[in-house]
Each structure stands twice: as C-alpha cells, then as structure tokens.
Amino acid sequence: MPSHRYELTVPNHPTSVAVVSAAVVEIGRRVGLSEDDLQAVRLSVGEACVNVIEHAYTEGQEATFRVTCEVGRDGLTIRIRDWGMPFDPRALNPDGPPDKALGLRLMQSFMDQVHFINRGRNGKEVMLVKHFSNPALSTYYNVLRQGVTAEVDPTTYEIRLMRPDEGPGVSRCLYRTYGYSYAGEENLYYPEWIARMNAQGEVISAVAVVPDGEIVGHAALLRCAPSPGIYELAQGAVVPEHRGRNLLYRIIEFLMGEARRRGLRSVFTEPVTNHLWSQRPLEDFGFTDCALMLGIVPHEGGRLTLLWSMSRLGEGPSRRIHPPPRHESLIRGTCKAAGLARSFSSARHASSDQGRINVTMQKLMNAARIEVPRIGTDTQRDLARLLVNLKLQRVDVIHLDIELEDPGAPDLCEFAEELGFFYCGLLPDFGQHGDLLRLQFLNNLTVDFDAIQCHSELAKALHTYVRAELERSMAVPSGGGLSPLE
C-alpha cells in the first residue's frame, strides 16, 4: 500500500475533538481498519486531543494544534502536535494515581504504540500507531531468494561490525529492504536505539558496506534468553540492488565467527518453511532443528510456519530434565543431535507451593506465549482459564513453555494436551532455569502440511511427529470447562 499523509489544523476548542476524531476514523475506515480498531483509534485520538485542549495552554489562551495522519504499509500513524507549555513525558506513569494515569493507560491499551515526543522550540507531540491486522510481511520472508544484482564487484564489499555512528545507515538498509513491514524489532527504525543496544552488548550488528560507505546488508545477534550467552540470529536484510551476491551468507558467517570470539554458548534462529533457501545455509554453521512452530507468522493472507534451530558454540552445563514419557524419545534424539549433555529423570511431582505463570502477547503475530517458570498446585487451573481467555480474544497461535528441570513438567504437559495443546519442540537453555518444552495450540487454524518444506532429517522427523500430534489434539474437546478469568 502506498503511503498517504493527511493534515488538519484546528483550534484548541472542545468542538475540535469530534472534528478530529471523525476525520481520523474516516481515514482508517477507507484503508480497511476493522470496526474494533476504528473504535480504539476514536477513543485514543479523542483522549490525546482533550489533553491538548485542557492542559497545553493557559486558560483563555486561543491557539491551534495540528493533527497529521499517515497511512503506511503496516498501519496508521497519527501525530497530535501542539506548541503549548513544555511537558516532560517521563513524568507520566501508567501505574500512577488513577486521575492522572487513566488517559495514558487507555491509549496504551487501545493502540499498538504510544510515544510522547518533545521537540523543544518546535513544540511537542503524541504519536499513536495502529497496525493493520495482517501486515505485509511477504517481503521479509522472501529476501533470501530474490536475485537482483548490483553493478558492484563482489570482492569490494566489506563485511564487519557496525560502527557507533552507523545506526542511521542500518535503519535505511532495513527500510530499503522491507519498508515498514519488518515483523521483528520495531526499534530498528530508531538509529539511536541501534547504536545504544550495540554499545551495551544487547545487540551485535554486522554490516555489508560498499566503497562509498553505504550499508547495503545487515544481520545481528540479539541477547534475548534468560540464560547468559544465548543469542538470536535475526534482522537479516539486503537492499534489492545488491541481492544475488551471497551477502547474507557472508554476514552470517562473520557473525558466527564473532560469536565464537566472544565466547557465546549458543545461537538460535527461526528459518521459514515456505522454501529451503533460509534453511540450507544454516547446516554449514552447525544448526540443529529443535522445534516446528506451526502458523506463527501472518503471511500473504495465511499463516507461515517457522523452525526453531540452534547452534551450540561452547560447552553448556549438564542438566537433569524430566521429559514427558510420550515425547522422551524425540527429546533424547534432539539433545543428541545438538550435542547437549542431559540426563533424564522419570520423577514426576509438582511443588506443593503456589506456581507462577506469565503471558506475553505478540500483537503483530496475533499470538501469545504462556511461560511457566514454576509449577505449583494452582498451575493447571490457571492454565485452563488463561486458555479460555486467549481463545475468546481470538488469538490465533498460543505457545506454552514448560521448564523441563521441574519434576512437575510431565504432569503439566499431559494436562495441557488434554486441553488441546500439542508438541512443538525442545528449546535448549531458553528458560529461566534451563531447557523448555514448547507446546502449541492453534485456535481454529488449519495448516497445510504439504506446503511445509524441511531440509534436515531432524526437521523432517519433527514435521511427521508434529503432524501426528496435531491430529491427536484435534480429537480432544479443549477448553477445560472453566470460565474466563475475572
């Protein structure tokens, strides 16, 4: 979808709230936002306008404020800008007193992004973002197989770490590759965030640079697991004119060498399964396919399945885990293929204490992750109720991550499978205490297994196993018979 920008300047009078809300909602309706999203936009824009009218100017002061609405490839961005009294957005606290925090909580609950921006003498603005329900992600998942070639000698590319002042170049590279449809970290469009994360070691960015200094390729290692030394390989991008030069492979090769130099324990990544282009190179870097995540990403009107693959770079800790008996053979095979030192226990009992359960929503994916750091006497009840709520919210894909060092893991797995969850895979060292068993739940989704392409023998075995597990789960009347959480 092409980008369009609309602008409206209105007086700081209460009647402007309805005018602005109606205009923005009409724009949203014309570009296909759902009625629920339109209502969210109406309430959030109205709240932002009321804040300007009531707080930006002194009583009786006549002034104007400006509203811009931009339609991009992945959604609607609304900016409400005024030139009133200075304001420090850090003073806002969503957990503060209800009379001061209610408006902020409302906007944050209804919109996908809410930003407060001070522009000094140029005023201040509130930026509200509402993503389209099905963002255009096809570009992201097809980069590896596009073959446009630039008029540059392959030997002239420099592959190296990103320098501190190259954040803007990386952002431009991502934009030229995906526009604003990149499905991963949204902060990649903020150069200062890229520089800060690299300086802190949270991100390790590698770039491909042509002689004039332009960054034309990028990939990064991201620290994202509770266990130290576990990084994700992601954010791969090559601008269209420079594809077909094996640049992404060369950047990954550089990053894997950098990971070894820094003493990282392991690197994981999530290759797509609609083609083999992103899977084949990983074999050269020692990746082992550990999980098959069905329909996790919106893609070209449907849902795309990803693998979860890991490369072990150093000696990890020896762990004692408690796999569910029915899945033990596959888990053993995965551990052996990945070179993991694991012993297996048949003990199975939950703690007599209260458990812990966390939920993370992934709005762009319309997915959720349920994490169980500690299994207790109340965990099964809480899980059943959470599942009911997520189903009522029409979340498409739900992942359940269970700590395998917890002796209660086998019983919780069997209970979850009675609710309709089924096997996804093993995520080594990815939990708060060690390895995770990942189960998955599809909320009225169908999966075309014949369209899933797997390169490695272990991935093919996962494909067969997960398909059988899904068929088993479909015979289970899920939901647990419990009412939603209050």
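None of the figures in this text is laboratory data; all of them are computed from the coordinates on show. Everything numeric here is computed off the predicted structure, so don't read it as measured data. Here Cβ is always computed from backbone atoms with ideal geometry, including for glycine, and neighbour counts include all displayed protein chains.
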- [ ] Could you list which residues have their amide H under 5 Å from that of F65, counting only those 5 or more apart in sequence or on another chain, with H placed in the peptide plane?
- [x] V10, N12
Open item on the list: If each residue of separation counts as 0.36 nm, what is the full-extension length gain between R119 and N444 once their alpha-carbon separation is subtracted?
Closed with: 112.4 nm
Open item on the list: Given a Förster distance of 25 Å, report the FRET efficiency between E315 and S345 from their Cβ-Cβ distance, rounded to the nearest 0.05.
Closed with: 0.70
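Taking 0.36 nm per intervening residue step and subtracting the Cα-Cα distance, what contour gain separates S329 from K363 on full extension?
Working: separation 34, 0.36 × 34 = 12.24 nm, distance 3.46 nm.
That pair, S329 and K363, stretches by 8.8 nm at full extension.
Provide the gained length on full extension for the span E158 to E35, in nm with one decimal, where the gain is 0.36 nm per separating residue minus the Cα-Cα distance. Don't skip to the answer; put the middle values down first.
Details: separation 123, 0.36 × 123 = 44.28 nm, distance 4.93 nm.
Taking E158 through E35 to full extension adds about 39.4 nm, to one decimal.
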- [ ] Which order do the peptides 280-286, 205-211 take when ranked by the mean count of other beta-carbon atoms within 10 Å per residue, highest first?
- [x] 205-211, 280-286
TODO: Hey, can you grab everything whose amide H is under 5 Å from the amide H of H299? Only 5+ residues off in sequence or another chain; H modelled, so Pro and N-termini drop out.
DONE: L304
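Given R₀ = 35 Å, what would the calculated FRET efficiency be for T377 paired with A234, taking r from the Cβ atoms and rounding to 0.05? Walk me through the numbers before you get to the answer.
Working: r = 38 Å, r/R0 = 1.09.
Plugging the Cβ-Cβ distance into 1/(1 + (r/R0)^6) gives 0.40.
Please identify the GluC sites (Glu not before Pro) of the stretch 172-257 that satisfy two criteria: DSSP loop assignment and at most 11 other Cβ atoms within 10 Å. Which are they? All intermediate terms of the calculation are to be shown ahead of the outcome.
Details: sites: E185, E186, E192, E202, E214, E232, E241, E253; in loops: E185, E202, E214.
Passing sites in the stretch 172-257 do not exist.
Per DSSP helix of 4 or more residues, -39500 (n - 2.57); summed, then divided by the residues of the chain. What does that give at 222 nm, rounded to the nearest 500? Present the calculation step by step, with values, prior to reporting the outcome.
On the way: 11 runs with 141 residues, N = 486.
That calculation yields -9000 deg cm²/dmol at 222 nm.
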Task: Phi-based couplings in Hz for the stretch 115-125 (Karplus 6.51, -1.76, 1.60; Gly and Pro marked x) - done: 10, 10, 10, 8, 10, x, 5, 8, x, 8, 8
Task: Whichever lysines have a C-alpha closer than 18 Å to that of K391, once near sequence neighbours (fewer than 8 apart) are set aside - done: K363
